[in-house]
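**Q** Have a look at this one.
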Amino acid sequence: ILKLYRYGCRGVFISVAEGKCRESELPLGKGELRCLKRMELMKALTEELPVESVYLGCRAVSIVLDPLTSNPLLQLHDGTLIKAKIVIGCDGVNSIISKFVGVNSPKLFSRCATRGFTYYEGAHSFGDKFRFYSSNDVTLGQLPVTDKLVYWFLTRVLTSQDLSDARKDPTYITKASLEAIKGFPEEIVELVKNTEPKALYLTELRYRAPWDLVRAKFRKGTVVVAGDAMHAMCPFISQGGGASLEDAVVLARCLSEKLKQATEGGGNRLVEEALDEYVRERRMRVFWLSLQTYFVGLAQDNTSKVKKALGIAGLILVFGDQRSHTDYDCGRL
């Protein structure tokens, strides 16, 4: 069992300019936060499910509705055809399922993100505080996971190389990251430099426009979307994963309440009603999260003064309390 650090409601914001750092308090919201690897979370969730109910390495390539039963027919990359009663598409930002239900394709943002885990043989010296560094077009967040493992992320302006095969090359990722953080404290430079190649990830940032989420269908028959397939957003307020877990809770609750009535008949109709209820409950929550994320991204964009001004104005006028999204309660199962 990992001894994960527990964080309070405040971190440290560090402004970096001409090699000098200036610190100030960084409010993080109410409660606490902890950092863990995604695979650890997936493993914990999977262990609660029946044996052999999860199959890894499967990728959906197409989906249609059976003309006779109206049930979804799902084809996997290996040719397997699955006749399903319900399909919940959680297949990410480039979702096949979201295209099927009619959601617009995600848009490319002007920044990219690098993520990494750095392991220290001895205990690191960063303590248990979240630190956020900012310098011109570069931001870097640093979050210790345990006393020997530190997670970090970096966002910077997207370049043409970041969209090429170079984005899969750990040597390029490290070089580009070190170039971006010139002038940062030496311990941060070492943090990035010492990250193992297999723990480095570079991705372009894609998002579903907030205005698209207002009018999107999200459901077709007994097919629905959740997670990034529904509301892909840039990571600027760190709510994408949390919102996906909220989706799961709300969807499970809506389905369980309706399917209790399935013994009386009308199975497909009840499923569609449950999915519609789920979409209604989630739509405005993910809209406001996406809009706030969009404004934060614009405010960080130094390539356009107009975009930057729009982002800052939007945050001030629409999101007076920029931590209010952390107070949301999606309810119980």
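The values are calculated or read from the model by the stated rules, or taken from the named source; none is laboratory data. Remember, it's a predicted structure, so these values are computed and weren't measured experimentally. Reconstructed Cβ throughout: ideal geometry from the backbone, glycine too, with neighbour counts over all protein chains shown. Just the protein is used for accessible areas: all its heavy atoms, side chains included, with ligands, DNA and RNA removed. Shrake-Rupley method; radii C 1.70, N 1.55, O 1.52, S 1.80 Å.
**Q** From the list 140, 149, which one is closer than 17 Å to residue 37 by Cβ and without any contact (Cβ under 8 Å) to a residue 60 or more places away in the chain?
**A** It is 149.
**Q** Keeping to region 303-317, report how many residues are in contact with a helix residue (DSSP H, G or I) (Cβ under 8 Å, 6 or more places away or on another chain) and open to solvent by 70 Å² or more (accessible area, probe 1.4 Å).
**A** The qualifying residues number 3.
**Q** Among the numbered conditions (1) at pLDDT 90 or above; (2) under 19 Å from residue 227 (Cα atoms); (3) basic (Lys, Arg), tell me where residue 43 comes up short.
**A** Against the list (1) at pLDDT 90 or above; (2) under 19 Å from residue 227 (Cα atoms); (3) basic (Lys, Arg), residue 43 comes up short only on (1).
**Q** Separate question: Return yes when residue 129 is open to solvent by 20 Å² or more (accessible area, probe 1.4 Å) and without any contact (Cβ under 8 Å) to a residue 40 or more places away in the chain and no when it is not.
**A** no
**Q** Looking at region 163-250, what helices (runs of 4 or more DSSP H) fall wholly within it and have at least 3 residues that are open to solvent by 10 Å² or more (accessible area, probe 1.4 Å) and either in contact with a Gly (Cβ under 7 Å, 6 or more places away or on another chain) or not assigned by the TED database to the domain that holds residue 14 (or both)?
**A** Result: 210-215.
**Q** What's the total number of residues in region 276-328 that are over 20 Å from residue 225 (Cβ atoms) and under 16 Å from the mean Cα position of the chain (by Cα)?
**A** Matching residues across region 276-328 total 5.
**Q** So residue 141 passes all but one of these: (1) open to solvent by less than 20 Å² (accessible area, probe 1.4 Å); (2) within 18 Å of residue 234 (Cα to Cα); (3) part of a loop (DSSP other than H, G, I, E, B). Which condition number does it fail?
**A** Failed condition: (3).
**Q** Please go through region 74-90 and give me each residue that is closer than 22 Å to residue 279 by Cβ and either open to solvent by less than 60 Å² (accessible area, probe 1.4 Å) or among the aromatic types (Phe, Trp, Tyr) (or both), ordered by number.
**A** Hits for region 74-90 are 74, 84, 86, 87, 89.
**Q** Whether any residue in region 262-273 is crowded, with 17+ Cβ neighbours inside 10 Å and either in contact with a Gly (Cβ under 8 Å, 6 or more places away or on another chain) or at pLDDT 95 or above (or both) is what I want to check.
**A** Checking region 262-273: at least one residue is crowded, with 17+ Cβ neighbours inside 10 Å and either in contact with a Gly (Cβ under 8 Å, 6 or more places away or on another chain) or at pLDDT 95 or above (or both).
**Q** Does residue 12 satisfy the criteria of being in contact with a Leu (Cβ under 8 Å, 6 or more places away or on another chain) and in contact (Cβ under 8 Å) with a residue 12 or more places away in the chain?
**A** Against the criterion (in contact with a Leu (Cβ under 8 Å, 6 or more places away or on another chain) and in contact (Cβ under 8 Å) with a residue 12 or more places away in the chain), residue 12 qualifies.
**Q** State all residues of region 286-302 that are surrounded by fewer than 19 Cβ atoms within 10 Å (Cβ to Cβ) and within 13 Å of residue 246 (Cβ to Cβ); if no residue qualifies, say none.
**A** Residue satisfying the conditions is 288 alone.
**Q** Here's something else I'd like to know. Could you tell me whether region 108-116 includes any residue that is outside any strand (DSSP E or B) and either free of Cβ contacts under 8 Å to residues at least 24 places away in the same chain or touching an Asp or Glu at 6+ places or on another chain (Cβ under 9 Å) (or both)?
**A** Checked against the condition, which is being outside any strand (DSSP E or B) and either free of Cβ contacts under 8 Å to residues at least 24 places away in the same chain or touching an Asp or Glu at 6+ places or on another chain (Cβ under 9 Å) (or both), region 108-116 yields no hits at all.
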